[in-house]
Amino acid sequence: MRVTQEADYAIRMCLILDSIGEKTGAATLADLACITPNIALKVLRKLNAGGFVRSYKGVQGGYELARSGNDLRVIDIIELIDGPVKISKCLEC
């Protein structure tokens, strides 16, 4: 199994949000994750829809983890972005 770049970005942003521990803007997250703001927003939308982050609009807006970092599992983030993980192609039959 190979993790896509997008899943890697999602994991990275969740780790950054956990280490910061407060609302953070998308531009700051993009900068800290070393990715473009457009890609960060795309990934953050998916993380928000999947219930991993909360988004807040407005001047004081930003993103924060929706649950404790201890409650996050990397496999859940990967499956949100890339779909179900299959160890063997035979398991699809």
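The values are calculated or read from the model by the stated rules, or taken from the named source; none is laboratory data. None of the values given here were measured: they were computed from a predicted structure. No Cβ is skipped: glycine too gets one built from the backbone with ideal geometry, and neighbour counts run over all protein chains shown. The accessibility values were calculated without ligands, DNA or RNA, using every heavy atom of the protein model including side chains. Shrake-Rupley method; radii C 1.70, N 1.55, O 1.52, S 1.80 Å.
Of all residues in the range 18-28, which are open to solvent by 70 Å² or more (accessible area, probe 1.4 Å), within 11 Å of Glu64 (Cβ to Cβ) and either assigned to a helix (DSSP H, G or I) or touching a Ser or Thr at 6+ places or on another chain (Cβ under 6 Å) (or both)? Listed by number, the list holds a single entry, Asp18.
Which count do you get for residues in the range 69-81 that are open to solvent by 50 Å² or more (accessible area, probe 1.4 Å) and either modelled with pLDDT under 90 or assigned to a loop (DSSP other than H, G, I, E, B) (or both)? It would help to see each step written out before you state the result.
Keep residues of the range 69-81 that are open to solvent by 50 Å² or more (accessible area, probe 1.4 Å), which gives 70-71, 73-75, 79-80.
Right, trim to either modelled with pLDDT under 90 or assigned to a loop (DSSP other than H, G, I, E, B) (or both) and you get 70-71, 73.
The qualifying residues number 3.
If I filter the range 32-45 for residues that are within 10 Å of the chain's Cα centre (by Cα) and either open to solvent by 70 Å² or more (accessible area, probe 1.4 Å) or in contact (Cβ under 8 Å) with a residue 60 or more places away in the chain (or both), do I get at least one hit? Checked against the condition, which is being within 10 Å of the chain's Cα centre (by Cα) and either open to solvent by 70 Å² or more (accessible area, probe 1.4 Å) or in contact (Cβ under 8 Å) with a residue 60 or more places away in the chain (or both), the range 32-45 yields at least one hit.
Considering only residues that are without any contact (Cβ under 8 Å) to a residue 60 or more places away in the chain and either open to solvent by 80 Å² or more (accessible area, probe 1.4 Å) or not in a helix (DSSP H, G or I) (or both), which ones fall in the range 1-17? So that I can check it myself, show each step before the final result.
Initial filter on the range 1-17 (without any contact (Cβ under 8 Å) to a residue 60 or more places away in the chain): 2, 5, 8-9, 12-13, 15-17.
Result: Arg2, Gln5, Leu15.
Okay, residues lined up against (1) closer than 17 Å to Asp8 by Cα; (2) assigned to a strand (DSSP E or B); (3) not hydroxyl-bearing (Ser, Thr, Tyr):
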| site | (1), (2), (3) |
| --- | --- |
| Ala30 | yes, no, yes |
| Asn38 | yes, no, yes |
| Ser55 | no, yes, no |
| Gln60 | no, no, yes |
| Glu64 | no, yes, yes |
| Arg67 | no, no, yes |
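For Gly61, the conditions (1) open to solvent by 30 Å² or more (accessible area, probe 1.4 Å); (2) farther than 30 Å from Ile87 by Cβ; (3) more than 14 Å from the chain's Cα centre (by Cα) are fulfilled apart from (1).
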